[in-house]
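One structure is given here, and the rest of the page talks about it.
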Amino acid sequence: MTTVLIDYDSGNLHSAQKAFERMARETGAGDVIVSGDAEVVARADRIVLPGDGAFPHCRDQLFSRTALAEAIVDAVENRAVPFLGICVGMQLLATTGHEYEATPGFGWIAGDVTRIRPADPALKIPHMGWNDLVMDSAHPVLDGLATGEHAYFVHSYAMSVHDPAHLLAHVDYGGDVTAVVGRDNIIGAQFHPEKSQAAGLRMIANFLRWMP
């Protein structure tokens, strides 16, 4: 069993790698590899797509590596490989991102990524730090997590899903802000599981056990 963290020069993978390696050891989930090699991704049993920065930049960095992007799409769409997107990696699941300009995502979870606009003007953007999760739907990757669990966020844009069934969890930041989305073999977290202490490590462990 091999879990591949996609390296496409969009974010620091060190902390994510360490967290996934730790939970892979504890769950007996096999190897964790950081790679941007399309052939490695084509053999992966699980795929994790992190992302930091702006949506268009992450999208360009990924899709400019044509073979890598094609390997990810084939794995997710044709082989039903379990897939986890983190932060902007989650946002890339959407139909369109609207940061700077309209930019297409994978389109696996219908929705739009738009700037967070809190109802309370005193709340600062980016939404940065700890916030309490509110669970909207049960999911195996969220097993053992409950409303009130703390997760660590750093973002100015958030996804709005078109189908409420795809919203698994949200947080309150002057209004509802999407925290977790999912469908079929795909799940995404706006927060950073690798920085979210016990709750994040549990989510990683659940993902490594997940057999959708």
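The values are calculated or read from the model by the stated rules, or taken from the named source; none is laboratory data. This one's a predicted model, so the numbers in the text were calculated from it and none came from an experiment. Cβ placement follows ideal geometry from the backbone for every residue including glycine, while neighbour counts extend to all protein chains displayed. Protein only, heavy atoms only, side chains kept; ligands, DNA and RNA dropped before computing areas. Shrake-Rupley method; radii C 1.70, N 1.55, O 1.52, S 1.80 Å.
Numbers at a glance
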read-out: Cα centre as origin, Lys/Arg/Asp/Glu Cβ charges: segment 114-212 dipole, Debye; value: 280 debye
read-out: Exposure of ILE33 as accessible area (Å², to 10), given a probe of 1.4 Å and all protein chains; value: 60 Å²
read-out: Å² per residue, accessible surface of segment 1-156 at 1.4 Å; value: 45 Å²
read-out: Charge context of TYR157, other residues only, Cβ under 15 angstrom, K/R +1, D/E -1; value: -1
read-out: Computed lengthening from ALA67 to ALA110, 0.36 nm per intervening residue step minus Cα-Cα distance; value: 13.1 nm
read-out: DSSP beta bridge pairing in the chain, given as percent antiparallel to the nearest 5; value: 60 percent
read-out: Net charge, ALA75 excluded, C-beta distance under 14 Å - Lys, Arg +1, Asp, Glu -1; value: -4
read-out: With every protein chain in place, the chain: carbon and sulfur % of accessible area (1.4 Å); value: 48 percent
read-out: Whole-Å distance, taken between Cα centres, linking segment 60-118 and segment 133-212; value: 16 Å
read-out: Theoretical FRET efficiency, 1/(1+(r/R0)^6), r = Cβ-Cβ of TRP130 and ASP74, R0 35 Å, to 0.05; value: 0.40
read-out: FRET efficiency, 1/(1 + (r/R0)^6) with R0 25 Å, evaluated for ASP31 and ASP143 via beta carbons; value: 0.60
